[in-house]
Ligand SMILES: NC(=O)c1ccc[n+]([C@@H]2O[C@H](COP(=O)([O-])OP(=O)(O)OC[C@H]3O[C@@H](n4cnc5c(N)ncnc54)[C@H](OP(=O)(O)O)[C@@H]3O)[C@@H](O)[C@H]2O)c1
């Protein structure tokens, strides 16, 4: 096809798109993503109609507060005070759920719509991570699409890539940097040397973190996305409750400094791996080599890494949140539905598809970074390494900076008898590491709780 023909073709597509009956959508939730979707569909109306083969028309909406100015014109659009009413509105072909939450009105709306035979598009990672298995079975029973591209990594087409682009390969690993708030906080801590609490307060002031930041900083949001990615990569949903989750509250600016001295950066990673004996699915901070591609992904950016036997390794990077990127992903699902192309929720028939439990943390096998606060006196290192030896943990390297500060001679308070001691282990089973760490923490020479961070090759 020549360049000219291609242009003529797409113009023809636009004309045909404009004539065909519109796909009528009802949007529940007009916050960041919902209002963003209205702006995108209006602003790119012609492009969307050409690619969808027909216009996409917003016929109904629902939110809590009718009076709120959302920066979009909703005249001529039916307003429902009860969002669940969208599921049975005769002028709605597709329900778009942009309210959020694994339970409550979002779950009722999606379930009612699927039961009524209405296709659903949602950005709701919590809902899909927790109830994806049963919703997929319901969607399959009633024969309608359930799409959620925006639920993982916002503007990055992660779901399409894993479920469709890599459908032929046996995927062995999926994950990455799945929470922009945590990545912003860790980047700012590394660059400024400031503590977690300071940087979190700044992120809240800038709108990068919620007033209640726990879903982000405790790793829950990343775990929702990881559970979805793992389900898609390995062809069956992973029970969300079995995902091992640790957040970033325990990361000290000191750890970021030591990581740098050792040639690493610290990132909150989601990691799902296929093993002979099952599937690992976990979210926790990791040291990654500072030269690795994922270590370069800073600020609010997300990165999705996938590995497969035939495809090798690939990494997608982009904005994981915000109205523009997230609305783009929602609209892509709507275009697929308008075209009539849909794939099974987990990439294969949900019939007989049971959830799998992820392997427990005792089965993890990693290199570990340990930071202990120890009394600055002879024999301490020998005590600590003896415990590691007893548990079969071998050391790769060790780092100690500075000396203890003696207490002032005048008897006033002050001084610090401890020094940080950093140990890096060879690969070892986490069960052995945890037992060793318990004994190390109980040594009289160790002050406070040791920090343990896993090391990933990146
Ligand atoms: N924000 C992002 O960048 C992003 C990225 C990826 C995925 N997501 C997901 O997208 C979804 C929406 O997120 P968001 O950031 O747009 O949330 P948001 O700004 O808080 O908006 C939520 C919307 O839901 C409406 N709502 C809340 N409870 C309702 C109820 N009981 N009945 C009807 N409407 C109700 C709110 O109405 P009022 O406006 O009247 O209060 C609001 O318009 C969530 O599942 C989220 O996880 C968000």
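The values are calculated or read from the model by the stated rules, or taken from the named source; none is laboratory data. Keep in mind the model is a prediction, meaning the values are calculated, not measured. Cβ atoms come from the backbone with ideal geometry, glycine included; neighbour counts cover every protein chain shown.
Odds and ends about this structure:
- Test: residue in the range 137-146 that is within 22 Å of residue 25 (Cβ to Cβ), within 13 Å of the ligand (Cβ to nearest atom) and at pLDDT 95 or above: no
- The residue of the range 218-247 that is nearest to the chain's Cα centre (by Cα), among those that are buried (at least 24 other Cβ atoms within 10 Å of the Cβ) and not in a helix (DSSP H, G or I), is 219.
- Residue check for residue 324: within 16 Å of the ligand (Cβ to nearest atom) and surrounded by fewer than 18 Cβ atoms within 10 Å (Cβ to Cβ): yes
- Residues satisfying the stated conditions in the range 86-102, i.e. more than 11 Å from the ligand (Cβ to nearest atom) and under 17 Å from residue 132 (Cβ atoms): 95
The rows are residues; the columns are (1) at pLDDT 95 or above; (2) touching a helix residue (DSSP H, G or I) at 6+ places or on another chain (Cβ under 6 Å); (3) under 24 Å from residue 114 (Cβ atoms); (4) surrounded by 20 or more Cβ atoms within 10 Å (Cβ to Cβ).
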{"position": "37", "(1), (2), (3), (4)": "yes, yes, yes, yes"}
{"position": "44", "(1), (2), (3), (4)": "yes, no, no, no"}
{"position": "47", "(1), (2), (3), (4)": "yes, no, no, no"}
{"position": "50", "(1), (2), (3), (4)": "yes, yes, no, yes"}
{"position": "55", "(1), (2), (3), (4)": "yes, yes, no, yes"}
{"position": "61", "(1), (2), (3), (4)": "yes, no, yes, yes"}
{"position": "65", "(1), (2), (3), (4)": "yes, no, no, no"}
{"position": "78", "(1), (2), (3), (4)": "yes, no, yes, no"}
{"position": "84", "(1), (2), (3), (4)": "yes, yes, yes, no"}
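- Reported count of residues in the range 191-217, each being in a helix (DSSP H, G or I) and either farther than 20 Å from residue 283 by Cα or at pLDDT below 95 (or both), is 10.
- In the range 345-359 there is at least one residue matching the filter, namely being touching a strand residue (DSSP E or B) at 6+ places or on another chain (Cβ under 7 Å), under 26 Å from residue 36 (Cβ atoms) and at pLDDT below 95.
- Residue 150 vs. criteria in contact with a strand residue (DSSP E or B) (Cβ under 9 Å, 6 or more places away or on another chain) and either more than 16 Å from the ligand (Cβ to nearest atom) or touching a residue at least 24 places away in the same chain (Cβ under 8 Å) (or both): yes
- Subset of the range 47-70 [near the ligand (Cβ under 10 Å from one of its atoms) and assigned to a loop (DSSP other than H, G, I, E, B)]: 63, 64, 65, 66, 67, 68, 70
- Output for the range 372-392, where each listed residue is surrounded by fewer than 21 Cβ atoms within 10 Å (Cβ to Cβ) and not in a helix (DSSP H, G or I): 373, 375, 376, 377, 378, 379, 391, 392
- Residue match in the range 373-396 (condition: modelled with pLDDT of 95 or more and within 16 Å of the ligand (Cβ to nearest atom)): no
- Enumeration of residues in the range 153-179 that are surrounded by 23 or more Cβ atoms within 10 Å (Cβ to Cβ) and either touching a strand residue (DSSP E or B) at 6+ places or on another chain (Cβ under 8 Å) or at pLDDT below 95 (or both): 153, 154, 156, 158, 162, 171, 174, 175, 176, 177, 178, 179
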